[in-house]
Amino acid sequence: MRVLVISDIHANYTAFETVLEDADDFDAVWCLGDVVGYGPDPNACVELLSEQPNLICVPGNHDSAAMGDMPAESFNGDARRSLLWQQKVLSASSMEFLDSLPKKIEANKNVTLAHGSPRDPVWEYVLNTMTARMNLPEFDTDFAFIGHTHVQSVFMYDEKEDRVSLDIPHVGMPISLSGRGILNPGSVGQPRDRDPRAAYAIYDTEALIWEPQRIAYDIETVQARIREAGLPEKHALRLAEGG
Ligand code: ZN
C-alpha cells in the first residue's frame, strides 16, 4: 500500500491541494495533526482531508486548542489571535471531525501515529536524538510517524551500536527502513526548515520505503487570504521564508 503521510496542514488549503495533486497515486492518507491553526481555510482543509481514502488522523495541539481543550493562554500573542479566529470560524462539522480523532493510534502493525511524540502525543517536540531515544519505549510498533516540528527528519535506532541517528532527508533519496525509528514528513502548510515548499512523504507499507517530498505551491494566494481574513501578518510572511 502506498500511503501519503502528511502533517501540519495548518489551514493552508492551497498547499494541501497541491500536495494531493503532486502525490498523485496513493491508497491511504495518514495525517499527523494540526489540520487547523495559522492559516485562512480551516473548514476547507478539514473537508478535503475527510474525503481522502483510508484516512487515519490524529489531532495536534492547534486542533485541540481550537476545540477548546486547552487554554488559549498557552499560545503566544499571534498564535493566540489566530486561534481565537479559528474558533470563531470553525463549522460544526469541522469540530465534530476534529473531536473524533484519537491522540495516538497504531496505523498498522508497523507504525504508530502521533502529532508531537509517542510519549506526549500533543505537545512534545522531537528535535534531537536524545528526545527520540527517550520515546522509543513509548510505542510498540517498529516505527512512529510524527509531526509538530515542521521539519522533515528521520531518527533511526541502530540496535548493534545502541545509538540513535538523525538524518535530514533529501527529495529524490528514498530511505529503506529497518530496525526502529521515528519519522517526520515535515509540514504541508507552514514549513520551518528554510524551504518554503510544502513537505510530505510517501510510505510504502510492503517495501518499507520512506520517500521525502517537496512541492512548490502558490504562496502569494495564501498570503492574500491571510490578510483578507485579518490574521497576523507574521503568519503570511513566514510562509515565503519557510521559517
Ligand atoms: Zn504545527
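Read-outs throughout are calculated quantities, based only on the coordinates presented, and are distinct from any laboratory measurement. Everything quoted here is computed from the prediction, not taken from an experiment. Heads up, the Cβs are rebuilt from the backbone with ideal geometry, glycines too, and the neighbour counts pull from every protein chain shown.
Qualifying GluC sites (Glu not before Pro) in the stretch 172-243, where qualification requires a DSSP coil assignment and no more than 10 other C-beta atoms within 10 Å, comprise 206.
The alpha-carbon of residue 103 sits under 25 angstrom from the alpha-carbons of these lysines, leaving out residues fewer than 8 places away in its chain: 88. Reported to the nearest whole Å, the Cα centre-to-centre distance from the stretch 131-185 to the stretch 1-66 is 21. When the chain is treated as a Gaussian network with alpha carbon springs shorter than 10 Å, the biggest mean-square fluctuation among 132, 207, 72 belongs to 207. Projecting the Cα atoms of 61, 43, 72 onto the charge dipole of the stretch 42-88, computed from C-beta unit charges around the Cα centre, puts 72 farthest toward the positive end.
For the stretch 59-168, build the charge dipole from Cβ charges (+1 Lys, Arg; -1 Asp, Glu) around the Cα centre, then report which of 102, 168, 86 sits farthest towards its positive end. Projecting each Cα onto the dipole axis, the largest value belongs to 86. Where is the GNM fluctuation largest for the chain (alpha-carbon springs, 10 angstrom cutoff): 61, 135, 108? Maximum among the listed residues: 108. Think of it this way: in the chain, 45 stand alone, with no other Cys Cβ under 4.7 Å.
A convex hull fitted to the Cα coordinates of the stretch 58-124 yields 80 cubic angstrom per residue.
Checking the a/c ratio against 1.5 first, then a/b against b/c, what shape does the Cα gyration tensor give for the stretch 42-81?
Working: a/c = 3.55, a/b = 2.23, b/c = 1.59.
Taking the square roots of the gyration eigenvalues as a ≥ b ≥ c, the stretch 42-81 is prolate.
The shape of the stretch 137-243 comes out prolate: with a ≥ b ≥ c from the C-alpha gyration tensor, a/c is at least 1.5 and a/b beats b/c. Backbone phi angles across the stretch 136-150, fed through the Karplus curve with coefficients 6.51, -1.76 and 1.60 (θ = phi - 60°), yield HN-Hα couplings of 4, x, 8, 9, 8, 8, 5, 10, 10, 9, 9, x, 6, 7, 6 Hz in residue order; Gly and Pro are listed as x.
Computed from backbone phi, the HN-Hα couplings of the stretch 153-158 come to 7, 10, 9, 10, 9, 9 Hz, rounded to whole numbers (Karplus: 6.51 cos²θ - 1.76 cosθ + 1.60, θ = phi - 60°; Gly and Pro given as x). Take the alpha carbon gyration tensor of the stretch 9-150, find the square roots of its eigenvalues, order them as a ≥ b ≥ c, and report rounded if a/c is under 1.5; if not, report prolate when a/b exceeds b/c, else oblate. Note, shape of the stretch 9-150 comes out oblate. Our analysis of the stretch 103-147 gives Rg over Rh at 0.92, with the two radii drawn from alpha carbon positions and Rh computed by the Kirkwood formula.
When the alpha carbon gyration tensor of the chain is reduced to an equivalent ellipsoid, its three semi-axes come out at 28, 19, 17 angstrom, largest first. Extension gain for residue 73-residue 127 works out to 17.0 nm (0.36 nm per residue, less the C-alpha to C-alpha distance). At q = 0.32 Å⁻¹ the log10 of I(q)/I(0) for the stretch 20-67 amounts to -1.26, computed by Debye summation with a single uniform scatterer per C-alpha, solvent ignored.
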